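The values are calculated or read from the model by the stated rules, or taken from the named source; none is laboratory data. Given the structure is predicted, the values throughout are model-derived calculations rather than measurements. With ideal geometry, Cβ positions are generated from the backbone for all residues, glycine too; neighbour counts draw on all protein chains shown. SASA here: full protein model, heavy atoms, side chains in, ligands and nucleic acids out. Shrake-Rupley method; radii C 1.70, N 1.55, O 1.52, S 1.80 Å.
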Amino acid sequence: MAFVVRVMATGVFDLLHPGHVYFLREARALGDELWVVVARDSTARKFKHEPIMPEAARFQMVESLKPVDRAVLGHEGNIYDILDEIRPDIIAIGYDQVHSEERILAECRKRGLATKVLRLPKFEGDLVGTRKIVRKVAEWLALQERLDKVERGTARRAADPPTRRRKRNA
């Protein structure tokens, strides 16, 4: 029987972006199978932010990605309980994830796992974070609103009848 190296990656994956794709491709390259734990809404609120997309939609998006062999929803409560089910050989964490490598290793050892924990390097690029995407969309919407006001003002002035000026007696 061949030994399969199981890699686990976790995240909220709220608005999928190139940084997520990079993270999952790099994690997949570390082993034979990539299992991705998609954070529950309650976990996202606790560790990051109020999710924009509900967990079921985030799960469905992640599950459909090419590097992902299997996606699962995380556990509510103790986020480390999923380790007992997946039993990963390697855990890949993103450069910006708040997780402590030492804490993850301790949780793995407590469960009898000889798991390695690897923090992946940062992906450089535009729009590589949910907050960056949201900010860009907000800027775009604000610009559209300003343009609409200008266009409405121009249209209104064009529709108004011309006003006559009185000649002054000099």
Original post:
What number of residues within region 126-170 satisfy the criterion of being modelled with pLDDT under 80, in a helix (DSSP H, G or I) and within 30 Å of H17 (Cα to Cα)?
Top reply: 7
Original post:
Taking region 26-39 as the search range and keeping residues that are crowded, with 16+ Cβ neighbours inside 10 Å and charged (D, E, K, R), which one is nearest to the chain's Cα centre (by Cα)?
Top reply: E26
**OP:** Please specify each residue of region 16-32 satisfying the condition of being in a helix (DSSP H, G or I) and in contact with a strand residue (DSSP E or B) (Cβ under 8 Å, 6 or more places away or on another chain).
**Re:** H20, F23, L24, E26, A27, R28
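Okay, residues lined up against (1) buried (at least 19 other Cβ atoms within 10 Å of the Cβ); (2) at pLDDT 90 or above:
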| site | (1), (2) |
| --- | --- |
| D41 | no, yes |
| A44 | yes, no |
| E55 | yes, yes |
| R58 | yes, yes |
| M61 | no, yes |
| L73 | no, yes |
| P88 | yes, yes |
| I93 | yes, yes |
Subject >> Flag for V12 being open to solvent by less than 30 Å² (accessible area, probe 1.4 Å), closer than 26 Å to R87 by Cβ, modelled with pLDDT of 95 or more and of a type in the set (V, I, T) >> reply: no
